[in-house]
Amino acid sequence: MLVEDHPEYREIVNLALGREPDIELTSQFGTAERALQSMQDLDGSHHPDVILLDLNLPGISGLEAIPQFLATLPDVKIIILTQSDREADILQAIMLGASGYFLKSTRVREVTDGIRTVMAGGASLDAQVAKFVLHTLKSNLPKRDLEQLLTEREMEILTQLAAGQVKKEIAERFGISINTVVTHVSHIYEKLNVKNAPAAIAKAFQMGILQVGKRD
């Protein structure tokens, strides 16, 4: 499902996804209200697996809509697709449960790959967004606390997961085995008591380690 108020951009996304054999755009709406109503009217077999959601929408904003979508469909994956690179928007979307965050300037291939990553249980962030998240992690967390919570390698792997990298790519990037990556990921989730990368980042904010909109 695509929730986007600009018809021209909806058409661009529609054409791009139409070229992907494993992705089908089943519906598109200009407001979150209409999208939410459609989900309530559909039976379970027609519910979307992924929602591509703009933030700057008339009526209910994308951020306001995230918890409502998840309340209606707890298993749906939400990927933000927006022009907003505001730090507060990025962090709040992640905290509210978004599995991905892309800017509209992102290449179509990265967005389609991000959809597949999210459907596989991962998380996917625009490279610029991922860079900000890493900066926030490093700037807001005291070094001694960082060392006590996650190791340097665990922080590196968490950042790569948030950027949409799969375990094989992370292993190749750092020159380690996939089994080693799996072990690190397991430790990250165990330490933070979470199940995936977005939840790990959100947990850091909830613990007060990170603060929305604050940078050094």
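All of the numbers you see were taken from the coordinates with simple rules; none came from a lab. Quick caveat: nothing in here was measured; it's all calculated off a predicted structure. With ideal geometry, Cβ positions are generated from the backbone for all residues, glycine too; neighbour counts draw on all protein chains shown.
Just a few scattered comments:
- Normalised contact order of segment 2-124, rounded percent, pairs of Cα under 8 Å and 6 or more residues apart: 21 percent
- Cα-based radius of gyration for segment 19-100, normalised by 2.2 N^0.38 Å, reads 1.07.
- Ranked by the mean number of other Cβ atoms within 10 Å of their residues, highest first, the peptides 6-16, 105-115 come out as 105-115, 6-16.
- Label-to-label distance for ALA120 and ILE176 is 1.9 nm, based on points extended 7 Å past Cα in the beta-carbon direction.
- Taking amide hydrogens as placed 1.01 Å from N in the peptide plane, the amide H of TYR101 sits under 5 Å from those of ILE80, SER124, LEU125, ASP126, each at least 5 positions away in sequence or on another chain.
- Projected label distance in nm at LEU42 and LYS168, using a 7 Å step from Cα toward the beta-carbon: 3.0 nm
- Cut-off 13 Å between beta-carbons: net charge of the residues surrounding PHE174, Lys and Arg +1, Asp and Glu -1: -1
- In order along segment 98-110, the Karplus-derived 3J(HN,Hα) couplings, from 6.51 cos²θ - 1.76 cosθ + 1.60 at θ = phi - 60°, round to 5, 8, x, 8, 10, 7, 5, 7, 5, 5, 4, 4, 5 Hz, and Gly and Pro are given as x.
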